[in-house]
Amino acid sequence: MNAPRLAPSLPLAPADPRDNTAVARAPTVLFVDQSGQLGGAEFTLLPLAGLCAPRSEVVLLSDGPFRTRLEALGVRVRVIGDVRVSRIRRQSLPFGWLRALPAIVRQACALAREAKRFDVLFLNTQKALVLGALGKPLHRRPVIWHLHDIMSPEHFGTAQRVVVKWLVRHAVDHVVANSHASAQSLAALTGRASDTPPVVYNGIDTHAFDTPVAEHPDDVAALRRRLGLPEHAWLAGLFGRLAPWKGQHIAIDALARLPDVQLVLVGAALFGEDAYAQQLREQARRLGVADRVHFAGFRDDMPAWMKAMDVVLHTSTDAEPFGRVIVEGMAAGRPVIATAAGGVTEIVRHRQNGWLVEPGDDVALADAIRTLHASPELAQRLARQALVDVRRDFSLDGFLRRMTQAIADTAK
Ligand code: UDP
């Protein structure tokens, strides 16, 4: 891997993303993402691909609502899926990879043919990395990988880690990580501190959260009515796909200790975790809190849903690489309670702009919720500081500027 190059003074990135002359000078990019579903990595790519739309294309390795969202931004999208490849999971054994080898080679060749038409190949996910970087001898294009993951054994199987290590050394020109936690995990994997990639934090469109709703009790009631939520309850909202490591079960355990609180779970099982979703409903029934848990499913309107809450929770039991929902909760002007692991500790400062608890600890989570419930002044102070921090450190413009800079650097 080349040494990180992110000289902020280079003119690549249009300072104003709508500056079309600057866009015209920018390199052409083929973006690749493995998912058709809308997860954090896809929401991060969306505005970048939208900005680069006149000179780029997106290849998805499976179809889904992500394609529609990209196309709505004017992005050209091509889907080249193969179930034998999509079936490989993060923890798959070497055998799983070997069995899919012919399909992997075919897809790598198809991607290489596409990549040849562009200046840079931008790989947004793990499988995109494998297929895009494997084809490098064929396409010979500079490769940039956007690392959205913590490359630890807790998150990925040995086979995947070995493959990633090799590819990063031999076929990737530039890596950008979404947090220092992700960056350091890559250096730990390759065993070379010099491989620590530069960090570009995700940017959130804070303007989307600016709408002055839910600042007055009547506004909150009206908003909740519109969303079908109880108007006068004290609501804790947990946002994100339903998956065991996202810890929705911890929030339900905590709820059982908090008779005056109701829990809103916003998000769906995106990657086949339907059994977990079912378990959550059973857990709520077993604990006698089913009438206080609202399953909202996947929702598009995050600002409204977040502003309808009294507190926004983040309960991941494993280290979160970044945690967009945390930044979004802060942008919505809501106090956030999050688990202290991974990239989260780069966003939330305990008692300053939010509240941190140990991952997997439902008692600590319940205590934290009780504290903020009992002290609206404290909750408000945290939320006010969070808003200041998020506008300063996680702006969408800053993200787009740094990412387009990194792409231009890679193209050189
Ligand atoms: N999200 C959404 N609707 C939902 C649930 C989640 O739009 O019902 C979005 C959320 O706003 C965030 C993203 O999905 O931007 C999740 O990103 P995060 O980094 O929190 O988690 P990841 O999916 O990367 O694990």
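The values are calculated or read from the model by the stated rules, or taken from the named source; none is laboratory data. In this text, all values refer to a predicted model and were calculated from it rather than measured experimentally. Cβ: placed from backbone, ideal geometry, glycine included. Neighbour counts: every protein chain shown.
Give the residue that is surrounded by the fewest Cβ atoms within 10 Å (Cβ to Cβ), with candidates limited to residues of region 125-184 that are among the basic types (Lys, Arg) and in a loop (DSSP other than H, G, I, E, B).
Arg140
So Arg55 ticks every box in (1) in contact with a Gly (Cβ under 9 Å, 6 or more places away or on another chain); (2) at pLDDT 95 or above but one. Which box is left unticked?
Just one mismatch for Arg55, condition (1).
Checking the conditions here, which among Pro321, Pro335 is within 10 Å of the ligand (Cβ to nearest atom), crowded, with 23+ Cβ neighbours inside 10 Å and either among the polar types (S, T, N, Q) or modelled with pLDDT of 95 or more (or both)?
Pro321
In contact (Cβ under 8 Å) with a residue 40 or more places away in the chain, β-branched (Val, Ile, Thr) and either in contact with a helix residue (DSSP H, G or I) (Cβ under 8 Å, 6 or more places away or on another chain) or surrounded by fewer than 17 Cβ atoms within 10 Å (Cβ to Cβ) (or both): is that true of Val312 in this structure?
It is true that Val312 is in contact (Cβ under 8 Å) with a residue 40 or more places away in the chain, β-branched (Val, Ile, Thr) and either in contact with a helix residue (DSSP H, G or I) (Cβ under 8 Å, 6 or more places away or on another chain) or surrounded by fewer than 17 Cβ atoms within 10 Å (Cβ to Cβ) (or both).
Taking region 344-363, which residues are under 15 Å from the mean Cα position of the chain (by Cα) and either surrounded by 19 or more Cβ atoms within 10 Å (Cβ to Cβ) or not acidic (Asp, Glu) (or both)?
Answer for region 344-363, where residues must be under 15 Å from the mean Cα position of the chain (by Cα) and either surrounded by 19 or more Cβ atoms within 10 Å (Cβ to Cβ) or not acidic (Asp, Glu) (or both): Val344, Ile347.
Of the conditions (1) within 21 Å of the chain's Cα centre (by Cα); (2) of a type outside the set (Asp, Glu); (3) over 26 Å from Asp318 (Cβ atoms), Gly157 clears all except one; give me its number.
The one condition Gly157 does not meet is (3).
Considering only region 288-304, how many residues are small (Gly, Ala, Ser) and in contact with a Phe, Trp or Tyr (Cβ under 9 Å, 6 or more places away or on another chain)?
Number satisfying all stated conditions: 1.
Answer yes or no: is there a residue in region 128-141 that is of a type in the set (D, E, K, R), farther than 17 Å from Glu57 by Cα and modelled with pLDDT of 95 or more.
Yes: one or more hits.
Do you know which residues across region 237-252 are more than 15 Å from Gly360 (Cα to Cα), in contact (Cβ under 8 Å) with a residue 60 or more places away in the chain and near the ligand (Cβ under 10 Å from one of its atoms)?
Correct list: Phe239, Gly240, Arg241.
Among the residues of region 253-292 satisfying the criterion of being of a type in the set (D, E, K, R) and surrounded by fewer than 18 Cβ atoms within 10 Å (Cβ to Cβ), which is farthest from His373 (Cα to Cα)?
So, considering only residues that are of a type in the set (D, E, K, R) and surrounded by fewer than 18 Cβ atoms within 10 Å (Cβ to Cβ), the one farthest from His373 (Cα to Cα) is Asp274.
Being farther than 26 Å from Ala208 by Cα and surrounded by fewer than 18 Cβ atoms within 10 Å (Cβ to Cβ) narrows it down to one residue among Ala366, Ala341, Ala411, Ala374; which is it?
Ala374
Restricting to region 22-57, count the residues that are away from the ligand (no atom under 11 Å from the Cβ) and of a type in the set (Phe, Trp, Tyr).
1
Just one of Arg370, Arg392, Arg381, Arg334 is out of contact with any Phe, Trp or Tyr (no Cβ under 7 Å at 6 or more places or on another chain), in a loop (DSSP other than H, G, I, E, B) and charged (D, E, K, R); which is it?
Result: Arg334 is the single residue among Arg370, Arg392, Arg381, Arg334 that is out of contact with any Phe, Trp or Tyr (no Cβ under 7 Å at 6 or more places or on another chain), in a loop (DSSP other than H, G, I, E, B) and charged (D, E, K, R).
Collect the residues in region 166-220 that are of a type in the set (D, E, K, R) and farther than 27 Å from His232 by Cα, keeping them in residue-number order.
Passing the criteria: Arg169, Asp173, Arg192, Asp195, Asp205.
Please go through region 300-318 and give me each residue that is within 22 Å of Val261 (Cα to Cα) and within 7 Å of the ligand (Cβ to nearest atom), ordered by number.
Within region 300-318, just Met302 meets the criteria.
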